[in-house]
Every structure is written in C-alpha cells, then in structure tokens.
Amino acid sequence: VKNLHNSDVGYYRADLDEVARQRRTMVVELARAIDDDQFELYYQVQKNVQTREIVGYEALVRWRHPERGMVSPMEFIPLAEHSGLIIPLGEHVMRMACRDAAAWPRPYKVAVNVSPVQMLDDSLPRLVEQVLDETGLDPKRLEIEVTESTLVADPDHTVRILKAVRALGVSVAMDDFGTGYSTLASLSLFPFDRIKLDKAFLAEIDRSPQAKAIVQAVLTIGKSLNIPVLAEGVEREDQMTMLHEEGCMEAQGYLLGRPAPSIDLPDVVVPLRLV
Ligand code: C2E
Ligand code: CA
Ligand code: CA
Ligand code: CA
C-alpha cells in the first residue's frame, strides 16, 4: 500500500510538472504572439432593447495560434495577467479596437475590456489619450469595461485612474455586475456610465424566481442611479421579451449577434461591391 501510495504521489507530481511546463511554454508563445501579430479582435453587437437599434460593439480578443488554432481568451487572459504580458497585450487591443472603430462608416461606440492588472499603474489614461490621438477616434465613441474586482485592491487609486480616463470624454462600464464580492459598494465609489449585468442571471431566469428577482432589482438600481443597464448573454426571444417588459435598456448576446471580425459585421462595413 505504501509503495502504491508513493507511486501515486509521483505520478501526480509529474502531472503537475506537465501543467506548469505547458503554462511556461504558453507564456513564451504569448510574448512572441504580440510581435507576430497573432491576436485579432472580434466584435459583438450591443442593441437597444426597446428599438433594437445598434448602440455599439464590444471588442473581444482572439488568439490565432499557429498550431492550436483559435485559443479562447478564458485560457490566455489569466496567463497574460499573471505574467504581466497583459500590459503590452492590452495596449495592442486598445490600439486595434480604436483603429477598427475609426474606420467604421457609422459612429457606433466600441467597448474595450480592461484588466484589473492594467489598472495597477498610472499608464492607462496616457495610453487611451495617445491611441485616441493616433486613430482620430472621437472619445465619445470609446467605452472601457472594468470589473468590480478592479476597485477592490486600491479603490482610491482606481477611482483616480477611472476619473482621468473619463476626463478624456471616454465612458466607463461596470462589467459582470452581480458576480463580485462588493458590487453594490463599487457603484457608490465611481459614477459608472453603464452597468453590464452578468450573463449568469439571464441564463437562470426562466428556472429561478431568485434570478428573475435579481434582474429586476438591478434594473431598479440602474433606474434610481440613472445608469443604463445592459443585460449580457441574451440567447432567446423570451429573454428579450422579459427584458423589454422590465424596462431594461440594452442587451447583448448570441440572439442579437455572435462575435465576428470587424470586416464581417453587416451593419458596420459597406459591402465591397457598393464602394
Ligand atoms: P466578457 O467581457 O464578459 O465578455 C463576454 C463573453 O460572453 C464573451 O466571451 C462572449 O463571446 C460571450 N457571450 C456573448 N454572448 C453570449 C451568449 O449569448 N451566451 C453565452 N453563453 N456567452 C456569450 P469571450 O469572447 O470568450 O471572452 C471571455 C472573457 O475574456 C470576457 O468576458 C473577458 O473577461 C475576457 N476578454 C475578452 N477579450 C478581452 C480583452 O481584450 N481584454 C481583456 N482584459 N479581457 C478580455
Ligand atoms: Ca466585457
Ligand atoms: Ca461580461
Ligand atoms: Ca468576464
């Protein structure tokens, strides 16, 4: 039994080593991928629930890995955050998103995800200002999406950074609302321009009266604070109907549009044959 136990532990260790080795490999590849231009942005439409008009597009990063094909951000964003590579990657994403949006024939808003790690130093406002300058994008068309966890570590510092970004004319959305430890507190720390209700609530809405009550409560908070609420993860018409009835302003999800490359967005790019 003792021997078996020992060999089990050995096997387990080898397994952990393998995972750690794969992670190191991926970090090296990530660093190279920025220089090799392997990152692409997909855009997902955000619509007004009442009128179904387009209000903007969220930029979602994709890694076109030379051997493994498309790698999900859920796989590489955490690694990029741990290794610090999120700083150059975040800059690259900001630049690509503003460049793409500046080329759209209609002035839709573009929403860019900003990691809590990008918030740790003072460089974000300068980066945003520089990229707006470079691309000529109207600051009113840029929104950054931050999660509540951004405000946890050092609220004073983060609020200062967010205010500096806001002073440029850029708007700030609170992403994944309802999933953090102090989401309500964070609403009182900074006057967010938009609340993005996490998709977990919508997914449960027809099964769980609690989920529905939470959606209603968040919509009420949005109304009292005068902050529009965008519901994430809308996959079915009945969810749209419910959001409409409850007075939700905006929505995003597979029902309204899947993330797609900028040039494939039907409402954004004039078809080539017309130009
Ligand atoms: P997120 O910011 O909450 O983005 C929404 C995610 O939900 C996207 O996944 C989107 O494809 C997915 N989604 C959209 N509609 C639906 C739907 O109807 N049903 C379901 N089940 N899912 C839907 P994606 O693109 O895989 O991104 C995952 C996460 O990775 C994002 O969550 C965000 O936290 C992070 N991420 C993506 N791009 C960036 C980026 O450029 N920078 C940073 N820092 N993080 C990013
Ligand atoms: Ca987001
Ligand atoms: Ca989200
Ligand atoms: Ca998220």
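The values are calculated or read from the model by the stated rules, or taken from the named source; none is laboratory data. Just so we're clear, the structure is a prediction, and the values are computed from it rather than from any experiment. Cβ: placed from backbone, ideal geometry, glycine included. Neighbour counts: every protein chain shown. Only protein heavy atoms, including side chains, enter the accessible area calculation; ligands, DNA and RNA are left aside. Shrake-Rupley method; radii C 1.70, N 1.55, O 1.52, S 1.80 Å.
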Next on the checklist: Can you go through 169, 222 and tell me which one is open to solvent by less than 10 Å² (accessible area, probe 1.4 Å), at pLDDT 90 or above and away from ligand 2 (no atom under 16 Å from the Cβ)?
Outcome noted: 222
Item to check | Pair list, Cβ under 6 Å, 6 or more apart: region 174-203 residue within 13 Å of ligand 2 (Cβ to nearest atom), other residue open to solvent by less than 10 Å² (accessible area, probe 1.4 Å) and of a type in the set (Gly, Ala, Ser) | outcome: 194/173; 195/222; 196/173; 197/231
Item to check | Filter result (open to solvent by less than 30 Å² (accessible area, probe 1.4 Å), part of a loop (DSSP other than H, G, I, E, B) and more than 16 Å from ligand 1 (Cβ to nearest atom)) within region 172-193 | outcome: 190
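Has region 256-265 got at least one residue that is within 30 Å of residue 99 (Cβ to Cβ), assigned to a strand (DSSP E or B) and within 16 Å of ligand 4 (Cβ to nearest atom)? Let's see the steps before the verdict.
Narrowing region 256-265 to residues within 30 Å of residue 99 (Cβ to Cβ): 256-265.
So of that shortlist, the ones also assigned to a strand (DSSP E or B) come out as 260-261.
From the residues that got through so far, the ones that are within 16 Å of ligand 4 (Cβ to nearest atom) too are none.
No, the conditions are met nowhere in region 256-265.
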Item to check | Every residue from region 81-108 that is crowded, with 19+ Cβ neighbours inside 10 Å and of a type in the set (D, E, K, R) | outcome: 100
Checklist entry - In region 250-260, is there at least one residue being more than 16 Å from ligand 2 (Cβ to nearest atom) and crowded, with 18+ Cβ neighbours inside 10 Å? => result no
Checklist outcome for this item: Checked against (1) closer than 26 Å to residue 155 by Cα; (2) within 16 Å of ligand 2 (Cβ to nearest atom), residue 47 satisfies every condition except (1)
Checklist outcome for this item: Those residues of region 194-219 which are surrounded by 15 or more Cβ atoms within 10 Å (Cβ to Cβ), in a loop (DSSP other than H, G, I, E, B) and either at pLDDT below 90 or more than 16 Å from ligand 3 (Cβ to nearest atom) (or both) amount to 204, 205
Checklist entry - Any chance region 138-158 includes a residue that's at pLDDT 95 or above, surrounded by fewer than 20 Cβ atoms within 10 Å (Cβ to Cβ) and hydrophobic (A, V, I, L, M, F, W, C)? => result no
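Might you let me know whether region 108-127 holds any residue that is part of a loop (DSSP other than H, G, I, E, B) and over 19 Å from residue 172 (Cβ atoms)? Before you say what the answer is, go through the steps one by one.
Within region 108-127, the subset part of a loop (DSSP other than H, G, I, E, B) is 108, 114-115, 120-122.
Narrowing further to those that are over 19 Å from residue 172 (Cβ atoms): none.
Scanning region 108-127, I find no residue that is part of a loop (DSSP other than H, G, I, E, B) and over 19 Å from residue 172 (Cβ atoms), so the answer is no.
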Checklist outcome for this item: So, first residue acidic (Asp, Glu) in region 48-67, second residue surrounded by 14 or more Cβ atoms within 10 Å (Cβ to Cβ), Cβ within less than 7 Å, six or more apart or across chains; the pairs are 53/47; 58/43; 58/44; 58/46; 58/111; 58/252
